[in-house]
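Written out below as structure tokens is the structure these notes cover.
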Amino acid sequence: MVGTYAAVLAVCGASLAIGQAAIALCGARRWSWLAPAVGLALLCAICWGTVRLPGEGTTSAAAVLIAVAGSALYLRGRLTGAGAALRCGWPVALLALAAASLPFLVEGHFGILGTSFNPDMSQHLLAADRLAHGESSQLLHQGYPLGPHAVVVALNGGLGIGLVQGFSGLMVAIAVLASLTALTAFHEQPPALRTLAALVVGLSYMVASYFAQGAFKETLQALFFLAFVLALREASNPAWRELPLRFIPAALLAAGSVYAYSFPGLLWLGGSVVVWLLVDALLMPAGNAPPAGGGAGGTDPEDALATGRGGGSPAPTGPAGWGVGPSPGRALAFGLLCFAVVAAPELGRMIDFHSFETFDPNGPGLGNLFGQISPFEALGIWPSGDFRLSPGDGAVPPLGYFLGAAYASILLVYGLVLCVRRRETALLAGLGAAALAYAAARLGGTPYTAAKAIEIGAPLAATVIVLPLLRRPVAWLYLLAAGGCSLLALANAPVGPTSYSPALTGLRADVGEGPTLVLASRQLLEGEHGVPYVTWELRGGRVCIDATDEAGNRPPPGVRFVIAESSSGRAPYPGLRVKRVAPPYVLWERTTPVGGRSPCPLIAVRQARQGSK
């Protein structure tokens, strides 16, 4: 617990300081709620740029510490609105922390999130362990984005936080920072409304569901996409339009997306820019001219409060608003240059990553899913603890899903109409880009990639629903229903082993196809959902798994190898000899002839991924 929350505090503190300093360097002096996401993007870049230097993570930690100290010194005397930001942000941060802690509270222990949903975390733990020791790994060789892994290695080297606790802390920190980032859209609303709205957006149902299965890359990409769209929106607001560097925050978020999600992340961010230009051309053909009937007398006061801009007609939020500020072309050029410089070190790895199995329509296929999931899950009202289930497969009858989806869909359409009226071109463009990304994944990809597209666009869909309607009673019902669904997903999250060792993965080459019997404690197998974890670690061979206290007097027929923890040093069965010691495990080999047909199943890669079915 201490290590997990220390990691949360370190990631959140560093992200807030570094992000706000970066925004201040662009000329903004008032606190911005884009800072959490911008800072986390820079944190991924800094850690990845230094993690392979000598020191096993201490060099990265030192680089982050220098960046945080420099940020604090630069902000001294240059930041206004910090007190108001603290009053606005602390309830959101504490409630988001409590919500993200729900899985650990329900399970009664801290450990690897989502093991029985998705055991892929063992691969990330192995990659981080190899990265910390300067060794290669399959993910590193394939160009897999390792920015988040580098952050965990820095936590390990600088603060001594274990890898399991580091990843858990990073995922909780992402949930907190996402909710704080959502305040960019809601910070001028009344306290209760802005707090609940920020939580529902930052921890929307699909984000909470991916958090529950330990999928940190998807939640991080959803955060960067939401923040990028909000950064475009902010760049056209009056306080930002005079800044030549107003697109730098968006550029840094795009670079962070590269380090966390590689080139696929740019499909959402780059797509939103293209759609932004198109939407603006359609909605504002007359340049900066206000809408018909505009002016203070032509704006619905309730609409003005919902946008947080006060009276008068809404300010343009798209490229047509550039004409008010200095040299919009130069501002855009500065942003593109900044992105190119920060993302350039990852270019070669992005090229390598294009052949990763996820992009192969014949590759992972369903992954850990049971089939295509409904796009209505992106709207937030889906009363199931497991997003993979079809309506009616859980405790709630199908009617509950259909009513929730219908209500959210009506609000989405209403929100879109109001966004058009208010020229919320950035939000419209972001949602359009998310819809196109989902359509491309659904038509040309796999159910696995389509589900990711739904999750990444979910916070933006919630924003479009909530922001224009926040002062209307229908919004309260949506917020309560969507918030309840998110809590249900979090409460259903399994928490796996409390510790990790790469030793079990290392034994895979020794046992080959086996057959192999693994003896583990009942606490690991049942209390910590360890069966899918062990299965995934030893995939590629025939594996049986038993509790140590139910091992019997002899191994099953046909078993050639036995893996057991090395606490006692004694062979679990007679007729075994030590083949290899890899603490905390010992690999034993049968000395007597192996007779009979083994009952141990063949654990293929896809079977291991779907072991929780």
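Nothing in this text is a laboratory measurement; each read-out follows from the coordinates by a stated rule. Remember, it's a predicted structure, so these values are computed and weren't measured experimentally. Cβ atoms come from the backbone with ideal geometry, glycine included; neighbour counts cover every protein chain shown.
Report the one residue of Val106, Pro148, Pro375 whose Cα lies farthest in the direction of the positive end of the charge dipole of the chain (charges on C-beta: Lys and Arg +1, Asp and Glu -1; origin at the Cα centre). It is Pro148, whose Cα lies furthest towards the positive end. At a Cβ-Cβ separation cutoff of 4.7 angstrom, cysteine residues of the chain with no neighbouring cysteine are Cys12, Cys26, Cys44, Cys47, Cys88, Cys338, Cys419, Cys485. This model, with +1 at the C-beta of Lys and Arg and -1 at the C-beta of Asp and Glu, gives the chain a dipole about its Cα centre of some 520 debye. The relative contact order of the chain comes to 17 percent, based on Cα pairs under 8 Å that sit 6 or more residues apart. Of the peptides 543-549, 455-461, 103-109, 162-168, the order by per-residue mean of other Cβ atoms within 10 Å, starting with the highest, comes out as 455-461, 162-168, 543-549, 103-109.
Of the DSSP H helices in the chain, those with a Cα length along their own long axis of 20 Å or more and a mean Kyte-Doolittle hydropathy reaching -0.5 comprise 2-25, 35-50, 58-75, 82-100, 163-186, 216-235, 264-283, 328-343, 398-421, 425-444, 447-466, 473-491.
Counting only the Cα atoms, the chain fills a convex hull of 144 Å³ per residue. Sorting the segments 24-34, 376-386, 331-341, 479-489 by their residues' average number of neighbouring beta-carbon atoms within 10 angstrom, most packed first, yields 376-386, 479-489, 24-34, 331-341. Set the Cα radius of gyration of the range 428-495 against 2.2 N^0.38 Å, with N its number of residues, and you get 1.32. For the chain, the residue among Leu470, Pro497, Leu243 whose Cα projects farthest onto the positive side of the dipole built from Cβ charges is Leu243. Taking only C-alpha pairs under 8 Å that are 6+ residues apart, what is the relative contact order of the range 503-609 in percent? 34 percent. Each Cα pair of the range 407-545 feeds into the Kirkwood radius, which the Stokes-Einstein equation turns, at 37 °C and 0.692 mPa s, into a diffusion coefficient of 173 µm²/s.
Along each principal axis, taking the top coordinate minus the bottom one, the Cα set of the range 82-128 gives 42, 26, 15 Å in descending order. Only the Cβ atoms of Lys and Arg (+1) and of Asp and Glu (-1) were treated as charged; on that basis the dipole of the range 503-609 about its Cα centre amounts to roughly 420 debye. Projected label points at Glu565 and Leu282, each 7 Å from Cα along the beta carbon direction, are separated by 6.0 nanometres.
Sorting the segments 13-20, 66-73, 120-127, 227-234 by their mean number of nearby beta carbons within 10 angstrom, highest to lowest, gives 227-234, 13-20, 120-127, 66-73. Over the range 503-609, the ratio between the Cα radius of gyration and 2.2 N^0.38 Å evaluates to 0.97. Report the normalised scattering of the range 1-118 as log10 I(q)/I(0) at q = 0.10 Å⁻¹, calculated by the Debye formula with identical scatterers on the alpha carbons. Summing over Cα pairs of the range 1-118 leads to -0.38. For the range 375-424, a Kirkwood radius taken over Cα pairs fed into Stokes-Einstein (10 °C, viscosity 1.306 mPa s) yields D = 134 µm²/s.
Whole-percent P(r), the range 103-260, all Cα pairs, 5 Å bins from 0: 1, 9, 15, 18, 18, 15, 11, 7, 4, 2, 0. Along the axis of the charge dipole computed for the chain (Cβ charges of +1 for Lys and Arg, -1 for Asp and Glu, origin at the Cα centre), the listed residues Trp268, Gly484, Ala96 are led at the positive end by Trp268. Its Cα gyration tensor gives the range 32-90 an equivalent ellipsoid; the semi-axes, largest first and in whole Å, are 27, 13, 9.
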